[in-house]
Amino acid sequence: MTNTPILEIIEVAPAQDQKEDTINQMVVDLEGATQDWMTVSYTSDARTLTRAEFTRFVEFVCPSNGASATLTVPLTKRLFMVNNLASSHQVTCGGTSGTTVVVPGGAIAIVRCDGTNCYTT
């Protein structure tokens, strides 16, 4: 089976049996990628999201943190949110290269990753 290039949502294969199972899973994955959130847990004030985590959730909720933190995301084209409302310290969000976004404590940012850099307005 193949997956879509951005969110890696499974696609129905030609002549596939039980297409309804794949279609139902596609809907669940799309719903999560556009509506669901994930609470981030840090190790030493840092967290790297897996590609599956990054594509299955739209919002990443950062915990109250005792220091500034780093959230590293896969360099995949998509819009997502970083929710840093619970912390008084900033979160720097971006890929392993390219530009990053700083989300202040007490704020939520909508971030756009273009596959190379992360931006916000």
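Read-outs throughout are calculated quantities, based only on the coordinates presented, and are distinct from any laboratory measurement. These figures come from a predicted structure and were not determined experimentally. Note that we place each Cβ from the backbone using ideal geometry, even for glycine, and neighbour counts take in every protein chain shown.
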Exercise for review: Could you work out the per residue convex hull volume over the alpha carbons of the range 41-106, in cubic angstrom?
Suggested key: 78 Å³
Study note, to complete from the structure: With the dipole of the range 1-112 defined by +1 on each Lys or Arg Cβ and -1 on each Asp or Glu Cβ, the option from Ile6, Gly32, Thr99 whose Cα lies farthest towards the positive pole is Thr99
Exercise for review: For a label point 7 Å from the Cα of Asp45 along Cα→C-beta, name the residues of the range 63-77 whose backbone N is under 13 Å from it.
Suggested key: 65-71
**Study point:** Per-residue HN-Hα couplings for the range 38-51 [Karplus 6.51, -1.76, 1.60; θ = phi - 60°; Hz; x = Gly/Pro]
**Key:** 10, 7, 7, 10, 9, 10, 6, 6, 8, 8, 10, 6, 6, 4
Revision key, fill the gap. In the range 1-107 the DSSP beta bridges are antiparallel at a rate, in percent to nearest 5, of 30 percent
Revision key, fill the gap. The rounded separation in angstrom of the Cα centers of the range 40-82 and the range 90-121 is 10 Å
Check your understanding: In terms of modelled amide H atoms, which long-range or inter-chain residues lie less than 5 Å from the amide H of Thr4?
Key -> Ile9, Ile10, Glu11
Study note, to complete from the structure: Non-local residues with an amide H under 5 Å from the amide H of Ile108, with H modelled 1.01 Å from N and Pro and chain starts lacking one, are Asn84
Check your understanding: For the pair Asp114 and Ala86, what calculated FRET efficiency results from E = 1/(1 + (r/R0)^6), where r is the Cβ-Cβ distance and R0 = 22 Å, to the nearest 0.05?
Key -> 0.20
Check your understanding: For the chain, what is the charge dipole size about the Cα centre, in debye to the nearest 20, if Lys and Arg each add +1 at the Cβ and Asp and Glu each add -1 at the Cβ?
Key -> 480 debye
**Study point:** Table column - 3J(HN,Hα) (Hz), the range 74-87, Karplus curve with 6.51, -1.76, 1.60, x for Gly and Pro
**Key:** x, 7, 10, 4, 4, 9, 7, 10, 10, 9, 10, 5, 7, 10
